Amino acid sequence: EVQLVQSGAEVKKPGESLKISCKGSGYRFTTNWIGWVRQMPGKGLEWMGIIYPADSDTRYSPSFQGQVTISADKSINTAYLQWSSLKASDTAIYYCAREFSSASMDVWGQGTTVTVSS
Amino acid sequence: DIQMTQSPSSLSASVGDRVTITCRASQSISRFLNWYQQKPGKAPKLLIYAASSLQSGVPSRFSGSGSGTDFTLTISSLQPEDFATYYCQQSYSAPRSFGQGTKLEI
């Protein structure tokens, strides 16, 4: 079974750093782009960026460029999303998803809830 | 960047109704248009990719059409489990933007 399993919920203070993960299984991890999507409380889906695990080629949405870093470790089939200095406005659910046919996102992680509060 | 606009933002319907949601791109995206369903507290689920291809396991009452800038998602006969929020997404170019969503309510 193709699966993406994300790391657990996080509660952080403003200014702290954070790295969340997305581990793939059931398929060849290096052959599909992995994307990250943000969903703020009560809001819609926002595409953040994608990474190709085979060579770590990365594309960011201009809205998120410089605000987060997307990376991957192909040796352990894991993609990451990280912040160096969190803000309260980073409070959201973050999903990873596999890009498949026509770059649609066919398999999604369960989501990681990030809460940033003083 | 390509902007995606869905209409309506919300829609009230009944079981058995035929429902259509539209999505418009700010420039031509050929057929690189995907539709997702999201239920509260759950991750989105892919319904339709490449404008009209039904994702495996998705009921045939869901269908998609369109090309260029205008697209539609149709549910032929609403079932109770279809009440959810629906999003379109263009995958023609990065950033692969989503529409703002259409909440389908009873």
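The values are calculated or read from the model by the stated rules, or taken from the named source; none is laboratory data. What you are looking at is a predicted structure, and each value in this text was computed from that prediction instead of being measured. Methodologically, a virtual Cβ is constructed for each residue, glycine included, from the backbone with ideal geometry; neighbour enumeration extends over all protein chains shown. Remember, those area values only see protein heavy atoms, side chains included, never the ligands or the DNA or RNA. Shrake-Rupley method; radii C 1.70, N 1.55, O 1.52, S 1.80 Å.
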Item to check | Sparse-neighbour loop sites [trypsin sites (Lys or Arg not before Pro); segment A:5-55; at most 16 other C-beta within 10 Å; DSSP] | outcome: A:28, A:43
Checklist outcome for this item: Given the candidates A:52, A:66, A:97, the one whose Cα lies deepest towards the positive end of the charge dipole of the protein assembly as shown, counting +1 at each Lys or Arg C-beta and -1 at each Asp or Glu C-beta, is A:66
Item to check | Dipole of the protein assembly as shown, positive end: most advanced residue of B:47, A:8, B:66 [Cβ charges, Cα centre] | outcome: A:8
Item to check | Accessible area per residue in Å² at 1.4 Å probe, computed on chain A | outcome: 45
Checklist entry - Reachable aspartates and glutamates from residue A:12, Cα under 17 Å, same-chain residues fewer than 8 places away excluded? => result A:90
Checklist entry - How long are the semi-axes of the ellipsoid equivalent to chain B, from square roots of 5 times the Cα gyration tensor eigenvalues, in whole Å, largest first? => result 22, 14, 13
Checklist entry - Over the alpha carbons of the protein assembly as shown, what is the largest minus smallest coordinate on each principal axis, giving the biggest first in Å? => result 49, 38, 35
Checklist entry - If we count GluC sites (Glu not before Pro) as exposed when they sit in a DSSP loop and have at most 13 other beta carbons within 10 Å, what is the longest stretch of chain A that avoids them all? => result A:17-118
Checklist entry - residue A:43 to residue A:25: extension gain in nm, 0.36 nm per residue of separation minus the Cα-Cα distance? => result 3.5 nm
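Can you bin chain A into rounded, prolate or oblate? Criterion: square roots of the alpha carbon gyration tensor eigenvalues sorted a ≥ b ≥ c, rounded for a/c under 1.5, prolate for a/b above b/c, oblate for the rest.
Details: a/c = 1.67, a/b = 1.66, b/c = 1.01.
It comes out prolate by the Cα gyration axes.
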Checklist entry - Straight-line reach from residue A:13: which lysines have Cα under 16 Å away, leaving out those fewer than 8 places along the same chain? => result A:87
Checklist entry - Name the residues of segment A:28-50 whose accessible area falls by at least 20 Å² when all protein chains are present instead of the chain alone, probe 1.4 Å? => result A:39, A:44, A:45, A:47
